[in-house]
Structure formats: structure tokens, C-alpha cells
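Each remark here refers to the structure printed beneath this line.
The values are calculated or read from the model by the stated rules, or taken from the named source; none is laboratory data. Quantities reported herein were computed from a predicted structural model and do not represent experimental measurements. Please note: Cβ atoms are built from the backbone with ideal geometry, for glycine as well, and neighbour counts cover all protein chains shown. Keep in mind that these areas ignore ligands, DNA and RNA; they rest on the heavy atoms of the full protein, side chains included. Shrake-Rupley method; radii C 1.70, N 1.55, O 1.52, S 1.80 Å.
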2 protein chains.
Amino acid sequence: MSTLKVVSSKLAAEIDKELMGPQIGFTLQQLMELAGFSVAQAVCRQFPLKGKTETEKGKHIFVIAGPGNNGGDGLVCARHLKIFGYNPVVYYPKRSDRTEFYKQLVHQLNFFKVPVLSQDENWLDYLKPEKTLCIVDAIFGFSFKPPMREPFKGIVEELCKLQDRIPIVSVDVPTGWDVDEGPISQPSVNPAVLVSLTVPKPCSTHIDEKHTTHYVGGRFIPRDFANKYGFETFGYESTDQILKL
Amino acid sequence: MSTLKVVSSKLAAEIDKELMGPQIGFTLQQLMELAGFSVAQAVCRQFPLKGKTETEKGKHIFVIAGPGNNGGDGLVCARHLKIFGYNPVVYYPKRSDRTEFYKQLVHQLNFFKVPVLSQDENWLDYLKPEKTLCIVDAIFGFSFKPPMREPFKGIVEELCKLQDRIPIVSVDVPTGWDVDEGPISQPSVNPAVLVSLTVPKPCSTHIDEKHTTHYVGGRFIPRDFANKYGFETFGYESTDQILKL
């Protein structure tokens, strides 16, 4: 993994800020759409429906959305998964009131008949190895700082019990991991798939390559900009929004 | 073409309004990102870079953006084409002041070093068969009503002179065509590729299948919603955002 270029949580925050600043002018809505799409594409690449039985195709993808932007990526991802023919269910226990846009993302999921569970619903009913294809962990991203609070602490403890039987796809940072240091706090998930957004974070060097498939997604950075932050752009193919590292 | 389901300009306007209404809650920024991406994917499918010489890869894609949403799709498309490795140039003669977002789309193109030409620049210099791969016609969409005014009338007349030697990719509605009636007004382009967004419009039944490759793109409609408007969803494959019809 020595050749893998990573950027620290501090630099990742600067990159995000500059991308959405007055010079470049990306909006959160655009970047979230592309990020969520890329996570959905990674799920599709890792767990293709092609050739699967109807029973297999009917399995749930359990998307857990946290309260911030990582959760927003999860909401967008769930919508695209539904469009791709999957059967996502979203658990969104702590909803952001920060912007109207998060509510709109939920309306969009309603429109596509994707169930969005609230904190008090029986979310564990949807987490059974025989009927759950995978879990999308969109709880916390690069701005997470331990300790983890409830309800997420309890949720992640449940995920840890299930992760040997239901593969977890983590968005950008596996939940519970320190962005720079890796899995130093408890509880922490051990994802089967990690989708790094824009560029891998230092924690990604702690994944066990035998266990975890690593993708990068979020294809919206030109070379000069990447170089300025000390990394190279990735060799995405054709119109792909993800690349297996 | 008798089995092709189309919706009139009137219904297309209602679909757009409902998609961005309070119930469903899509934003213009989201739909434009997905629409522009799908047009870029159609260009990539039709004119793949793979196996091309460096000279071929260096050819321009000339994107002409109109003043409204069709133009916005073109601006987004140009950015994705650049990311996919193409060499787009945007001609944006009449810039929308309607929202800040259109300015941001131009900032994003500046960020990716995609030239954005103003009305008084020598745009014809970029339209040479030997150095132009194709033209993306993102001038007018389903809300266009003739007669066409300047500067677009003159621009489309130039495109008509060139279109036998440089293929035109039209976004949703070939410029100059009546959305419902087809190429009844002058000037009208004769595209080599038509990318219908969401669902084909009636004018698309007037294309000559021998000359024009027809894609549908903009994959953000569930089946129930399509049925309500009298059409079926399209059989997109995997994560594709376009389907060749």
C-alpha cells in the first residue's frame, strides 16, 4: 500500500471547502449526487444482479445514513441503487435539519418507494443474512471525531456482530475509524468494501487487502488540483465513476 | 418507430414541473448533473477514445450552449467530457442571468480549463472537420418556440453547412425542430445523434434512423410515474445512464 496516495482529514476538509468555494463553484447538491452515484456503482460492481435469481435480486441493501454529508451521500446512493434494480431500505435515525435539501433527498426516496426508517422503527428486522445483500455504511465521514454517541454507538455495535455474515460497504471512512489513524476506537466496523471519495484518507492504509476491496469514487478533480494537494488523479476508465484500487 | 413512446412538449413540461415540485423534490442542480452526465456518456459511447491516435484524441468537441436549461445540460456535459479525456470547447453566446447556478457551471468549466467562448469570439475557428470530433447542440430544448432569433439563427445556419462533415449530437430536441412536429422550421439541424432526456419527444419520430443514432438518457423516473404519463421506463443496463433505442 506504500504507493497509495492519501490525504489527511485536514486536507480533505480544505479540498471540500475549495471545491465549493467561489472560485470553483461546485454545489453540495452536485458533489453529493456524483458521490452517491459512485457508491451505488461500486455496490453494483461488487454485487452484480446479472445472473442472480429473483430471490437474490429481492434481497435488501441496508443503507444506514448518518446526520451529515456522509449520510447525504448514502441517501443519494440508495436512490440510484433502486434505479439500478436493487431493493434498498434506508435507516435514517437522526435527520439533519441543516438544510431543506436533506428533506428533499428523503422525498426523492419516497418517490421511488424506498422505505426510510426512523429511529424508533424495527430496523434490525431488515438485517438478516438470508435477506440482506449488503450494508451501506454512510454514517460518518472524514469529519468524524470520537467518541461515538448514541444512537450510532449501539447501531455500530450491532453491525459489528453481523459483519461476518453481511458484507459492509463503507462510504469514505469506515464508521468508528479515526480518519487519520484507522480503527483505534471502539466500536469500529470492518468493511468488505471501502469507497474512498475523491482521494483515499490515511485510515484506508489500515484495511486488510485480503478482506476489503478498495474503490475510489467521486470523479470531479482535475490533475492540477490533485497535484496541488499532493496526489495524482486516478486512471478511471471511460465513463466510470469508480476505480478499483 | 411505431412502438416508440413519446410525450408532447406540454406533458414534458408537466413532468419537469412535478419532478421539481414539493412532493418529489428533485432540484434543478441534481437533474442537470444527471442529464449532462448522460449526454457525455452518449458522446463517449458514440465516439470512443479507446484505440484512437493522440491526434484524434486532441480533437475538439464543440459544445454550443443556449440560454436556458438545455444550455445548462450542455455546460455540465462539457465538464464530464473533459473528465472523460476529451477536449471540449464551449460556445456560450447568450448567458443566463436567471440564477447564480449558471455562473457556477461556468466557473466549474474554468476550473477544468475548458474554454468558454463569448459571443464575440472566433467560434468558427473551432469548427473545422479536421480538428473537431463532433458538435454538441445544447441550444434549445422542449420549450423552444419558433421563430429562432439571433445570434442562434446565424449559428444554426453555420451548423447546417458543416453537419455533413462534423457530426452533431443534439440534446433532447434538435435545434430548430418543433418539439411536437419535427423539422418544420428553418434553419434546422440534422443530428447524427439524438439524446432524448427522460423520454423521447414527438419530434424524435421524424429522425431518419439510417442517419441518426437515438439514445435516451436521464435515468431518474420510476415506473409508476412513467406509466402515469403514458410511457414505460427504459431497459437501461447496469449503471448506464443512457440506452440506445
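The table that follows gives values for the structure above.
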{"read-out": "Under 14 Å, Cβ to Cβ, from B:Leu127 - net charge with Lys/Arg +1 and Asp/Glu -1", "value": "-2"}
{"read-out": "10 Å Cβ neighbours from other chains, averaged over peptide B:19-30", "value": "5"}
{"read-out": "Amide H contacts of B:Thr132 (H built 1.01 Å from N, under 5 Å, at least 5 apart or other chain)", "value": "B:His60"}
{"read-out": "Candidate lysines - alpha carbon under 29 Å from B:Lys5, same-chain residues fewer than 8 apart omitted", "value": "A:Lys50, A:Lys57, A:Lys82, A:Lys113, B:Lys17, B:Lys145, B:Lys201, B:Lys210, B:Lys228, B:Lys244"}
{"read-out": "Cα-centred dipole magnitude for the range B:136-205, charges only on beta-carbon of K, R (+1) and D, E (-1), debye, nearest 20", "value": "60 debye"}
{"read-out": "Unit charges at the beta carbon, dipole of the range A:9-236: most positive-side option, A:Gly68, A:Pro167, A:Leu49", "value": "A:Leu49"}
{"read-out": "Contact surface B-A: accessible area buried, both sides summed, square angstrom, 1.4 angstrom probe", "value": "3000 Å²"}
{"read-out": "Solvent exposure of the protein assembly as shown as accessible area per residue, Å², 1.4 Å probe", "value": "41 Å²"}
{"read-out": "Inter-copy spacing of B:Lys57 label points, which lie 7 Å from Cα along Cα→Cβ, given in nm from shortest upward", "value": "3.9"}
{"read-out": "At 7 Å out from Cα toward Cβ: B:Arg95 inter-copy label distances (nm, ascending)", "value": "3.9"}
{"read-out": "222 nm mean residue ellipticity, helices alone, for chain A (DSSP H n ≥ 4; -39,500 (n - 2.57); rounded to 500)", "value": "-9500 deg cm²/dmol"}
{"read-out": "For the range A:182-197, Karplus couplings with θ = phi - 60° (6.51, -1.76, 1.60), whole Hz, Gly/Pro x", "value": "x, x, 9, 10, 10, x, 9, 7, 10, x, 7, 9, 10, 10, 6, 9"}
{"read-out": "Nearest-20 debye value, the range A:9-236 charge dipole, Cβ charges on Lys, Arg, Asp, Glu", "value": "520 debye"}
{"read-out": "Interchain or long-range residues, amide H under 5 Å from A:Trp177's placed H", "value": "A:Val189"}
{"read-out": "Neighbour net charge for A:Ala35 - beta-carbon separation under 12 angstrom, K R +1, D E -1", "value": "-4"}
{"read-out": "Label 7 Å beyond Cα on the Cβ vector: B:Pro22 copy-to-copy distances, nm", "value": "3.5"}
{"read-out": "Charge dipole (debye, nearest 20) of the range B:1-102; +1 at Cβ of Lys and Arg, -1 at Cβ of Asp and Glu", "value": "360 debye"}
{"read-out": "Residue mean of other protein chain beta carbons inside 10 Å, A:215-221", "value": "2"}
{"read-out": "Semi-axis lengths (Å, descending) of the ellipsoid that matches the C-alpha gyration tensor of the range A:9-236", "value": "26, 20, 18"}
{"read-out": "Mean separation of Cα contacts under 8 Å, 6 or more apart, over the residue count of chain A: relative contact order %", "value": "21 percent"}
{"read-out": "Cα lying deepest toward the dipole's positive end in the protein assembly as shown, options A:Ser8, B:Ala40, B:Asn122, charges on Cβ", "value": "B:Ala40"}
{"read-out": "Within the accessible area of the range A:181-245 (1.4 Å probe), percent carbon and sulfur", "value": "45 percent"}
